[in-house]
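Structure, as structure tokens:
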Amino acid sequence: MCRRKRLEYRAFWGEIIMELEAIQAFKMLNNLKNKGFITLLSLMAEDLSPIETDISGGENFRLTYTLYNPVLKEFKEIQTIVNAEMRSVSTLFKSAKYDEMEIYDLFGIKFKNHPKLDRIFLDKNFVGHPLRNNYKMPETQTKKGY
């Protein structure tokens with residue numbers, strides 16, 4: 001079954017917001033950088049899955065990239081829905097390197113072609129990703145005395 005490509009375009013307080021599929025999002029980010037949107041202000045993630053479901057099936061995460069063009073003084077926001085993997089934009093925007101590491105650490109979204117995707121906040125032995133809606137802390141990770 002062929003799935004239609006989704007594209008939504010809207011403006012909010014002068015900020016252009018585009019919702020694209022993951023492959024289109026990377027191409028659009030590259031295109032926008034070539035058109036002067038050289039600053040990645042933020043990269044955010046949101047878990048869209050219901051709390052009681054297993055995260056292994058379907059598209060569950062929204063990634064939001066906010067770009068700025070200092071010459072035009074214009075913002076653009078690119079949103080994409082991903083399962084648990086997205087192509088890294090750290091080759092386009094150096095600041096994305098740590099944002100992607102943070103998102104991997106807390107949400108478990110893997111960024112393909114990232115130079116060093118590793119945990120930066122949580123211990124290497126920490127099990128799971130705590131900002132996922134269905135995360136349940138194992139008893140072995142509970143700290144006593146707090």
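For region 8-135, with the dipole built from +1 on Lys and Arg beta-carbon atoms and -1 on Asp and Glu ones, taken about the Cα centre, which of F126, A96, I38 lies farthest toward the positive end? Farthest towards the positive end: I38. Binning the C-alpha pair distances of region 8-135 at 10 Å intervals from 0 yields a P(r) profile of 13, 43, 32, 11, 1 %, listed from the shortest bin outward. In the structure shown, the pairs K33/K124; K76/K124; K94/K124 are assessed against 32 Å; a Cα-Cα span above that value is assigned to K33/K124; K76/K124.
Values in this text are rule-based calculations from the coordinates and carry no lab data. For clarity, every value in this text was computed on a predicted model and none was experimentally measured. Cβ: placed from backbone, ideal geometry, glycine included. Neighbour counts: every protein chain shown.
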